[in-house]
Amino acid sequence: MSKKLTAAAAAPASFEEAMAELAQLVTQMEAGQLPLEASVAAYQRGSELVKYCASQLDSVEAQVKVLEGDMLKPFVDAGEAVQ
């Protein structure tokens with residue numbers, strides 16, 4: 001199992017990979033079958049993945065703002081626009 005933890009500790013290759021790993025960790029933790037030590041390690045890894053994903057999203061948001069010239073408009077749901 002230490003081999004799996006070492007491989008899992010590597011930085012994800014992409015946002016999608018991080019999200020997939022995070023979903024897998026959540027599923028394992030929700031199942032309640034992990035021993036305490038493994039649950040703590042899974043929680044820690046999940047926290048790292050959440051930070052990575054948030055950082056990636058912030059980076060993409062900054063890129064979009066540059067592309068749009070800081071002219072982003074709030075999203076309006078089609079249902080709200082009809083009212």
Wholly enclosed helices (runs of 4 or more DSSP H) of the chain bearing at least 2 residues at pLDDT 95 or above
15-31, 36-68
Say we look at the range 25-47 and pick out the residues that are in contact (Cβ under 8 Å) with a residue 12 or more places away in the chain and out of contact with any Gly (no Cβ under 9 Å at 6 or more places or on another chain); which of these is farthest from Ala13 (Cα to Cα)?
Ala38
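The values are calculated or read from the model by the stated rules, or taken from the named source; none is laboratory data. Note that the structure is a prediction, hence the values are computed from the model and not measured. Neighbour counts are summed over all protein chains in view; Cβ atoms, including those assigned to glycine, are modelled from backbone coordinates with ideal geometry.
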